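Remarks on the structure that follows.
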Amino acid sequence: MNKKGLAILLRTRMRPSSAAFDPNKPPARPPPPATNEVDKISANCEGNRFRQHSMQRHGDEVNAISSHKLIDSADIEREFQLVKESMHSAISMNKTEVLDAILNDFSRGYHSLSQEKRKELLLMLAKEYDISRMQVRELMKQYLGLEVPSGDKGQSVFEEEGLLSTFYRMEKNLRHALKPMYEVLFERLNTHPGGLKFLTDLRADILSIIADQNIASLRTLDSHLKEKFVTWLSPAALELHHITWDDPASLLEKIVAYEAVHPISSLIDLKRRLGIGRRCFGYLHPAIPGEPLIFIEVALMKNMAQSIQEVLWDEPPLPECHATCALFYSISSTQPGLSGINLGKFLIKRVIELVKRDMPHIITFATLSPIPGFMRWLLSKLASQLKLAEAETSDMSDSSKDSVTSAFRENILKAEEERKLLDSVGESAAGKSGMEVLWDLLRSANYEWTKSDRLLSAIKPLLMRLSARYILQEKKRGKALDSVANFHLQNGAILERLNWMADRSEKGLLQSGGIMVNYMYKLDAIEENAQAYFSTGNINASTNIRHFIEQT
């Protein structure tokens, strides 16, 4: 193993040690037992003195701990006040010669705070450094009181210019008043060394708080910071880097740590993904050197792969000159604080352009993607339908109740699918409906249904049909409910093919029932597809995919 491999291995395996029990230190011996009455009396006296001493020592320790807690609490509050002061100075200070030191103090101090104190500070930032609504309201009153230039011929040019000048000045004042004070902090940190990375950490904390508590002021703070990131991280500001085995170990370590779709199992696996017939590209920003903001893994293949096993265990790889398909099989973001900022859209397009330029024989650009929300949606659907069925049968005498529950009832299995499923299970399905059997099978330990050819044959048609329905018809605000589907469709991809048992890993079965999707990027239709999806939610899908829906 070379130095690079050793460095990566050591870094990924290092764990903080717990200093609780020292096996090299012998345990303390108990005192020898008393052998006679005198010894017993002496031992009792010694024991009493020992207990009194222990009680006194215990009391001293309790007092010390209480005192220590008070000191700790005071130190924490003092540290918080210092961070708060440095934050205020970073916003209000105009002396550039000391601004860098203040920003350093703020970023270091912020990282030293507990999560609870960070939340307190961010709430303070969001509320106390927001816009002055009284000032905005006063300016709006003044603005509405201005006389709009009429444009009449009788009005002199000088008069019209004077009125317009007043409007321009007032509009400039309004724009300035509508800019929160905390934007000054964001902008100053962005130009400060290490500031952009710090801001991604800051936004990650904001998103974490919002996920637990829907606080309007923090949502607005996040919205302003997100807009800044969109501007700062435009494609022109990012460097597309071809990641290879020759890159520094620190960068390769990031690839191992942040791979979110198909975890890298070993150094051999990593080397394979960066070797012949494979590509890995990442977006880097000059302000965060050596750490890709997002990266994509590509397999060069003869045809569009139908399973992830073909991609990860392709040994030996196909000679690159024989490849006709560039398959995107993993895309991972490394910064939680950049959530919701679509860097992947630009990355995919840049990679397509680069591969097309360097390898003209590549004619197909596609993905092999999971359906991460499918099984959660299906199990939720089954649970609700079984509950409605139970409610419907529990009180058949109440006709009004029956009509209400019937309005929401849906047998999500077709008659032929249900019959085949019940036959495959045999006597164990006695008295159960097809949905009950499917519910039990999909929730079985160790995914037992995947180990029986008979069950797989019965389950395949219904899961394939329901996965097509989930991607094409289940929507959220007019767009695909599935996050991965929505990502590729908004980038202009076509829903090309569903692949049965394409990912048999535990994660693949848990999230997608083992099914994976090929989204295809047709270069001459990317913008048209993206626009149609954005404006109407229309999903461009192949005939094979549509066929599953037509069976419903």
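Any read-out appearing in this document is the output of simple, stated calculations on the displayed coordinates, not a laboratory observation. Given the structure is predicted, the values throughout are model-derived calculations rather than measurements. Please note: Cβ atoms are built from the backbone with ideal geometry, for glycine as well, and neighbour counts cover all protein chains shown.
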task = Excluding residues fewer than 8 places away in the same chain, name every one of the aspartates and glutamates whose C-alpha is closer than 20 Å to that of residue 179.
result = 128, 130, 138, 171, 187, 222, 227
request  = Be a star and scan the range 354-395 for residues whose amide nitrogen sits under 19 Å from the point 7 Å along the Cα-to-Cβ vector of residue 525.
outcome  = 363-369
ask   = In nm, to one decimal, how far is the modelled label at residue 116 from the one at residue 411, with both set 7 Å along Cα→Cβ?
value = 5.6 nm
ask   = When the scattering of the range 254-348 is computed by the Debye formula from its Cα atoms alone, each counted once and equally, what is log10 I(q)/I(0) at q = 0.25 Å⁻¹?
value = -1.36
task = With all distinct Cα pairs included, what does the Kirkwood hydrodynamic radius of the range 378-523 come out to in Å, to one decimal, could you say?
result = 17.1 Å
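Two-decimal Rg/Rh of the range 459-532 from alpha-carbon positions, Kirkwood Rh?
1.00
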query = With the radius of gyration and the Kirkwood radius both derived from the Cα set of the range 164-232, what is their ratio Rg to Rh?
reply = 1.10
key: Stretch gain in nm, segment residue 76-residue 547, where the contour uses 0.36 nm per residue and the Cα spacing is subtracted   = 163.2 nm
remark   = Of the convex hull enclosing the alpha-carbon atoms of the range 417-488, the direction-averaged projected area in nm² is 6.0 nm²
key: When the convex hull of its Cα atoms is projected in every direction, mean area for the range 320-370 (nm²)   = 4.2 nm²
query = Under the Kirkwood approximation for Rh and a Cα-based Rg, what ratio Rg/Rh is obtained for the range 111-234?
reply = 1.16
